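To start, the structure itself, in structure tokens.
The values are calculated or read from the model by the stated rules, or taken from the named source; none is laboratory data. Small disclaimer: the values here were computed from a predicted structure and weren't measured. Every residue, glycine as well, gets a Cβ built from its backbone with ideal geometry; the counts of neighbours run over all protein chains shown. Ligands, DNA and RNA are excluded from the accessible area calculation, which covers all protein heavy atoms including side chains. Shrake-Rupley method; radii C 1.70, N 1.55, O 1.52, S 1.80 Å.
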Amino acid sequence: MINCEKILSSLAKLTNKEITNVKQLSGGYQNLVFRFQMNRIHYVARLIPVQKRLKALIEGELKFIETLKINQIHTPEVISINDKNISLVTIDNKSYWLTVFQYIEDKEIDVSDLSQWNVAFFYEWGKSIGELHCISENIGEKINRPIWLEDEEVNSIPSLLKEREPWISEIYDEYKSILDTYPKTKQRFGLIHNDLHQGNFFVKAQQLIIFDFDDCAYNWFVQDLSTSIYHAMWTGSAYHPEWITFQQEFLNHFLDGYLQIRSLNEADLIQLQLFLQVRELFLYLLFQKTWNKNTLEQWQSDKLKELEVNLRNRKTPYEKEFTTWMNETFNRHFS
């Protein structure tokens, strides 16, 4: 943990400007994210330990963001400090890569507010991901980012598996061997956000402003879909237990939006459901690492039990909703 005053001092020294109102925001479990004011304007500073990420890979991340922005995908502006998009700073004898972004005043989507969290928004969400994937599919140059399945910095599952019981490693090996059989064609595999749940975008006039590309990597496109679907279905159901048909309605409208922009075939949908299982594996391991077992709330304890049962039984999350959607929508229109 870095003291906010030390961030303030480091930024002031780097920029030679008055820095005020430094406040830590939520970040990844390895990165540090802060909000601050410079010349009365708010910005966001991200600090990545130098041993975690090569500078060239951060340059690749910023190149991807720039490419998306040029093609009308809304992302926060990258702010240059002394004509540099990436600066090296040392705080408490530890070195970090510093990147500064425009601070977005808009809020995250409010899942509890049905004037925001509704079928029209679900459609736009799917459509926005389709547009992002179309841009990625047509990028002419190779951007320097890792391949998810081969890199433990963006795929943290192997490191989270250490010191865990053998059964969970066996499940990951099983999933990984299946993924290895899928082709990496230009139409199905490319540079994606790789963590595109509703906590990583803001919404303005039902348009997504996507941020946190720290884990962007070359992966199958359906991974972005699986992450959005899993977290939306989980949190939406928790906030709106009275909305009995929510999960089916979300899936129908979300995938309808995506299909307005890009196609999916039956193999994609099978792989998408496998990635839902991979997501549960990742969340189970992450929660085991980051949650204090002695102070778990009831919902946390219930979630861990649910995830373990699903994993041990190779249960596909939301299989019923997918089957219904495929029978009523996909097979009818795309057979």
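For segment 139-166, how many residues are under 16 Å from LEU283 (Cα atoms) and open to solvent by less than 40 Å² (accessible area, probe 1.4 Å)?
Count: 7.
Of the residues that make up segment 57-65, is at least one touching a Phe, Trp or Tyr at 6+ places or on another chain (Cβ under 7 Å) and acidic (Asp, Glu)?
yes
Which of the residues belonging to segment 292-323 are in a helix (DSSP H, G or I), open to solvent by less than 40 Å² (accessible area, probe 1.4 Å) and either modelled with pLDDT under 95 or closer than 25 Å to ASN219 by Cα (or both)?
Of everything in segment 292-323, those that are in a helix (DSSP H, G or I), open to solvent by less than 40 Å² (accessible area, probe 1.4 Å) and either modelled with pLDDT under 95 or closer than 25 Å to ASN219 by Cα (or both) turn out to be LEU307, ASN310, LEU311, GLU321, PHE322.
Tally time: how many residues in segment 40-56 are open to solvent by less than 30 Å² (accessible area, probe 1.4 Å) and either modelled with pLDDT of 95 or more or in a strand (DSSP E or B) (or both)?
6
Using the structure shown, decide if LYS289 is more than 28 Å from ASP212 (Cα to Cα) and open to solvent by 10 Å² or more (accessible area, probe 1.4 Å).
no
So, in segment 58-95, exactly how many residues are of a type outside the set (D, E, K, R) and open to solvent by less than 30 Å² (accessible area, probe 1.4 Å)?
Total meeting the criteria: 15.
How many of the residues in segment 254-286 are touching a Lys or Arg at 6+ places or on another chain (Cβ under 6 Å) and open to solvent by less than 40 Å² (accessible area, probe 1.4 Å)?
The number of residues fulfilling the criteria is 1.
Tally up the residues in segment 114-138 that are open to solvent by 50 Å² or more (accessible area, probe 1.4 Å) and outside any helix (DSSP H, G or I), please.
4
Please work out which residue is most open to solvent (accessible area, probe 1.4 Å), limiting yourself to segment 200-241 and to residues that are among the small types (Gly, Ala, Ser) and assigned to a helix (DSSP H, G or I). If you could, list the steps in order and put the result at the bottom.
As a first pass, look at segment 200-241 and keep what is among the small types (Gly, Ala, Ser): 205, 217, 226, 228, 232, 236-238.
Applying the additional criterion that residues be assigned to a helix (DSSP H, G or I) yields 226, 228, 232, 236-238.
Values: SER226: 0, SER228: 0, ALA232: 0, GLY236: 0, SER237: 38, ALA238: 73 Å².
Among those that are among the small types (Gly, Ala, Ser) and assigned to a helix (DSSP H, G or I), it is ALA238.
Residue by residue through segment 181-199, note down the ones that are open to solvent by less than 10 Å² (accessible area, probe 1.4 Å) and either among the hydrophobic types (A, V, I, L, M, F, W, C) or part of a strand (DSSP E or B) (or both).
GLY190, LEU191, ILE192, LEU196
Give the number of residues within segment 29-39 that are open to solvent by less than 40 Å² (accessible area, probe 1.4 Å) and touching a residue at least 60 places away in the same chain (Cβ under 8 Å). Steps first, answer last, please.
Kept after step one, since they are open to solvent by less than 40 Å² (accessible area, probe 1.4 Å), are these residues of segment 29-39: 31-34, 36-38.
Now drop any that are not touching a residue at least 60 places away in the same chain (Cβ under 8 Å), which leaves 31-32.
The number of residues fulfilling the criteria is 2.
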